[in-house]
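A.B. asks: Please read through the structure below; I'll follow up with questions.
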Number of protein chains: 2
Amino acid sequence: MTLETIIGILAGTFTTLAVIPQIIKSWRSKKVMDVSPIMFSILILGVGLWVVYGILKGDIPIIVTNGISFILNFSMLVLMFLYKSES
Amino acid sequence: MTLETIIGILAGTFTTLAVIPQIIKSWRSKKVMDVSPIMFSILILGVGLWVVYGILKGDIPIIVTNGISFILNFSMLVLMFLYKSES
């Protein structure tokens, strides 16, 4: 495996999984008042389009990483709607 | 321009600029208590590695989009440290 490939995998792993600490924080505190639902809506739209792009190009890594991002960011948006009234 | 290219540009634009509504929200409210600084730290690390990857591959779109992401997410992290004590 080349250095480029290793750096690419690390980069993709970090950007894909970065939202997990936010999900854990919101899940524990049940507070989401300061978090922007517009940010997560645009992210979901963006990674959703990346999945479409990956399907059109037949590029499995793009489909998988953005598919995971889609699920994680969508989960965060659901949490935001659940906890909105409690904030 | 192919359909794939158009979808790729849209996807990259959305995922790159998604953090702007969060920056505006935090800037206006001066409250960041519910936002995860770990999320933004990992994002900065991830997009920083994407920039390195782009440099190694000589891929300008990867360098530019992730360079913009790096600046935006870094700005958000700075705001979080500025407003932390006020939250």
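The values are calculated or read from the model by the stated rules, or taken from the named source; none is laboratory data. Since we're looking at a predicted model, the values are computed, not measured. When we count neighbours, we look across all protein chains shown, and the Cβ atoms used for this are built from the backbone with ideal geometry, even at glycine. Accessible surface areas use protein heavy atoms only, side chains included; no ligands, DNA or RNA. Shrake-Rupley method; radii C 1.70, N 1.55, O 1.52, S 1.80 Å.
A.B. asks: Which whole-number percent gives the relative contact order of chain A, counting Cα pairs below 8 Å spaced six or more residues apart?
C.D. replies: Answer for chain A is 41 percent.
A.B. asks: Using alpha carbons only, what's the Rg to Rh ratio of chain A with Rh from Kirkwood?
C.D. replies: A ratio of 1.06.
A.B. asks: Would you kindly work out, in nm and rounded to one decimal, the distances from the label point of B:Glu4 to those of the same position in each other copy, ordered shortest first, with label points 7 Å along Cα-to-Cβ?
C.D. replies: 1.8
A.B. asks: Compute the helix-to-body angle for A:3-17: its Cα long axis versus the longest principal axis of chain A, expressed 0 to 90° and rounded to tens.
C.D. replies: Roughly 20 degrees, rounded to the nearest 10.
A.B. asks: Over its Cα atoms, what ratio of radius of gyration to 2.2 N^0.38 Å does the protein assembly as shown give?
C.D. replies: Working: Rg = 16.1 Å, N = 174, 2.2 N^0.38 = 15.6 Å.
Here the answer is 1.03, to two decimals.
A.B. asks: Which whole number gives the average count of other chain Cβ atoms within 10 Å of the Cβ atoms across peptide B:13-25?
C.D. replies: Working: counts 3, 10, 13, 2, 4, 12, 4, 4, 7, 9, 2, 3, 7.
Mean shielding count: 6.
A.B. asks: What part of the accessible area of the protein assembly as shown, given as a whole %, is carbon or sulfur when the probe is 1.4 angstrom?
C.D. replies: Heavy-atom surface of the protein assembly as shown belonging to carbon and sulfur, 1.4 Å probe: 75 percent.
A.B. asks: Taking Cα atoms, how many degrees apart are the long axis of helix B:37-57 and the longest axis of chain B, rounded to 10 and kept between 0 and 90?
C.D. replies: 20 degrees
A.B. asks: Angle between the Cα long axis of helix B:19-29 and the longest principal axis of chain B, 0 to 90 degrees, nearest 10?
C.D. replies: For B:19-29 against chain B, the angle is about 20 degrees.
A.B. asks: Provide a whole-number value for the mean count of partner chain Cβ atoms within 10 Å of the Cβ atoms in peptide B:53-65.
C.D. replies: Per-residue shielding by partner chains comes out at 2.
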